[in-house]
1. How do B:Y63, B:Y55 line up, fewest other C-beta atoms within 10 Å first?
2. Cut-off under 14 Å on the C-alpha distance; same-chain residues fewer than 8 positions from A:K207 excluded. Which aspartates and glutamates are left, in chain and number order?
3. Angle between the Cα long axis of helix B:20-40 and the longest principal axis of chain B, 0 to 90 degrees, nearest 10?
4. How big is the Kirkwood radius of region B:16-147, worked out from every pair of different alpha carbons and given in Å to one decimal?
5. With +1 on each Lys and Arg Cβ and -1 on each Asp and Glu Cβ, and nothing else charged, work out how big the dipole of chain B is about its Cα centre, in Debye to the nearest 20.
6. Separation between the A:D75 and A:E247 pseudo-spin-labels, each 7 Å from Cα along Cα→Cβ, expressed in nm?
7. For peptide A:16-24, how many partner chain Cβ atoms fall within 10 Å of a residue's Cβ, on average?
8. Enumerate the residues in region A:113-151 having an amide nitrogen under 12 Å from the point lying 7 Å beyond the Cα of A:S67 toward its Cβ.
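All of the numbers you see were taken from the coordinates with simple rules; none came from a lab. Note that this is a predicted model, so its numbers are computed, not measured. Cβ: placed from backbone, ideal geometry, glycine included. Neighbour counts: every protein chain shown.
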Amino acid sequence: MVLLRQAYTLNLQTLMKLLLQFLLLAGLFSGTYWGLSQVDWVRILHVEQAGKRSEEKLGDLIWKNISATEEVVGDQRITRPVDSMVSLLCRANKIERKIKVHVVRSADINAFALPGNHLVVLTELIRECDEENELLGVLGHEIAHLEQKHVMKKLTREIGLSVLLSAGSGGNNPAVIRQAVKILTSTAYDRRLESRADMASVDYLLKAGADPAGFARFLDKIALLQQEEASYGDWLSTHPESGSRAEAIRARLGKEMRPAGRLFSKDYWQSFKDAADALEAPAPAAGE
Amino acid sequence: MEYKQRIIKPAAAFAYRPGEHESEKASNSYLMSLVAAMAGLPLPIVNLLATLFFYIGNRKGTYFVRWHCMQALLSQLSMLLINSAGFWWSVSVLFGDEPVTSRYIAYMITIILFNIVEFVATINTAVKTRKGHHVEWFFYGRLTHLICKP
């Protein structure tokens, strides 16, 4: 039979020794962690810069892919007002104006954010907006996706960080880029992120002196279209449950005093709308 | 998480010298966790499960074998705790809203360091146990004595 070097019976002394050894180990672990956490690893390892560089490169690749297959609008009567609206929202909300705005001619009612601060607005969405607050609401929503880093989160979730980083750091992978384009232009963010972007947009608009109720009206319009046309394939599919989101915005606004004036002159808005309306939407490709 | 190992000659710790078969099984209990850890990365539970199954398989073995299976199991249990925290923190960083902070990097370095120490200690113990030596780890040895009775 086995004999131990010393008797280990469950008594107070044994327990105290065990507890002391445990505390020593736990202390060693905590002390190591505490000591290491005093170092600014994020700065030393250039974590943010490396992430930003990859994101920018990935965004440029995705935009290059989109601009190669879609018609990019160069008419300044259309691009300038959209750019001004983005600038207005950024200025009012102290957001660094690093967003690259693009307008693309398309029959889809859509706007989407890409990595690297690209914001793409489709002409049909502009045509669908009856007033500036509607478009400002959508732009605010997309700016919020960029500011809250939802774009990379969504791509990471769908594709995987390692694949994205390899695509964004020079490992040219057209399949990954195509997949990223598809994800960003035709699938929804999760409900929580959409809701956060909606509420952030409301705040942006209020600070900019715009009326967020316009954004709620736009979502109502989208909800109606969703009922009429299930296969619209745009902000309808990428932004589901528009009706309930419009309700949430109205609930958030409550009885809060809202600005009633216009940010842009009636003529300026009208010439912008006329220019967008003049751009007929391209015929959908066969099979769509 | 072992920082001090006490090698007790079998003659002193046990009344008999463990046989070849016992030494091999005791040594395998440590190797099992290493192989499973490598196979199951990054899931931190795989090595614990492998060690647990090995322990269950040997629960009717001799005291020497049971004792070492239990020590291996207990060490894996604590590694599971700290590794799981790191694993889920990483999942939140990669797929959730959690940012990469200096605290996160510090925690990951800490668990990597502790895993390396555990890895080296495990290999060392597996080798020594295979030779029939009885190795008691700091804290775990004492705890194993309380749990594993002759």
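1. By the 10 Å Cβ count, ascending: B:Y63, B:Y55.
2. A:E256
3. Orientation of helix B:20-40: about 10 degrees from the principal axis.
4. It works out to 15.5 Å.
5. Dipole size: approximately 720 debye.
6. About 3.9 nm separates the two model spin labels.
7. 3
8. Residues passing the 12 Å test: A:118-119.
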